[in-house]
Amino acid sequence: RCAKFRFCPLSRDVMMSRLTEISTKEGFDLDPSVADSLMTVSGGDMRKAITLLQNTHVLYGKNLDADKVSAAAAVLPDKCIEELLLACRSNS
């Protein structure tokens, strides 16, 4: 048998602190916009955020930005979604 554990999302302050600590120990600075992207995409799940940070770092190195986080997570950036909605509204 297996037990399912459900955890509440962590606060942004707690996640920011831990992600910053991890990046510092790994030898790079975590830009606040990158941390914000990690927290948004992970939905408050620290394991997802750490895994995404690792994957993004492996793919792109130390020069991370929010677009690279979105690409690593296979998430469309907000700008892309906004452009799509505008195109749909304009019927073009």
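Only Lys, Arg, Asp and Glu count, each charged at its Cβ (+1, +1, -1, -1), so figure out the dipole size of the chain about its Cα centre, rounded to 20 debye. Don't skip to the end; give the middle numbers.
Values: 12 positive and 12 negative charges, 127 e Å.
Approximately 620 debye in magnitude.
Between Thr40, Thr24, Phe7, whose Cα lies farthest towards the positive end of the dipole of the chain when Lys and Arg beta carbons carry +1 and Asp and Glu beta carbons carry -1, centred on the Cα centre?
Phe7
Just tell me which lysines come within less than 17 Å, Cα to Cα, of Lys62; anything on the same chain fewer than 8 places away is out.
Excluding near neighbours in sequence, the set is Lys25.
Counting only protein heavy atoms, what percent of the accessible surface of the chain is carbon or sulfur at a 1.4 Å probe? Don't skip to the end; give the middle numbers.
Details: 3840 of 6920 Å².
Looking at the chain in its full context, I get 55 percent from C and S.
Against the longest alpha carbon principal axis of the chain, how many degrees, from 0 to 90 and to the nearest 10, is the axis of helix 78-90 turned?
Taking the Cα atoms of the chain, the angle to 78-90 is about 20 degrees.
Between Glu82 and Cys2, take the C-beta separation as r, use R0 = 35 Å, and let me know the FRET efficiency to the nearest 0.05. Display every interim value, and only then the final one.
On the way: r = 41 Å, r/R0 = 1.18.
Plugging the Cβ-Cβ distance into 1/(1 + (r/R0)^6) gives 0.25.
By how many degrees, 0 to 90 and rounded to 10, does the Cα axis of helix 12-26 deviate from the longest principal axis of the chain?
Helix 12-26 sits at roughly 70 degrees to that axis.
Against the longest alpha carbon principal axis of the chain, how many degrees, from 0 to 90 and to the nearest 10, is the axis of helix 32-42 turned?
The angle comes out near 90 degrees.
How many Å³ per residue does the convex hull of the Cα positions in the chain occupy? Mind dumping the intermediate values first?
Working: hull volume 14.1 nm³, N = 92.
Here the figure is 153 Å³ per residue.
Would you compute, from DSSP H runs of 4+ residues alone, the mean residue ellipticity of the chain at 222 nm, taking -39500 (n - 2.57) per run and dividing by the full residue count, rounded to the nearest 500? Please list the in-between numbers first.
Values: 5 runs with 61 residues, N = 92.
Calculated at 222 nm, the ellipticity per residue is -20500 deg cm²/dmol.
The values are calculated or read from the model by the stated rules, or taken from the named source; none is laboratory data. Predicted model, so just to flag it, every value in this text is computed and none were measured. In this analysis, Cβ positions are derived from the backbone assuming ideal geometry, glycine residues included, and neighbour counts consider all displayed protein chains. The area values use the complete protein model at the heavy-atom level, side chains included, leaving out ligands, DNA and RNA. Shrake-Rupley method; radii C 1.70, N 1.55, O 1.52, S 1.80 Å.
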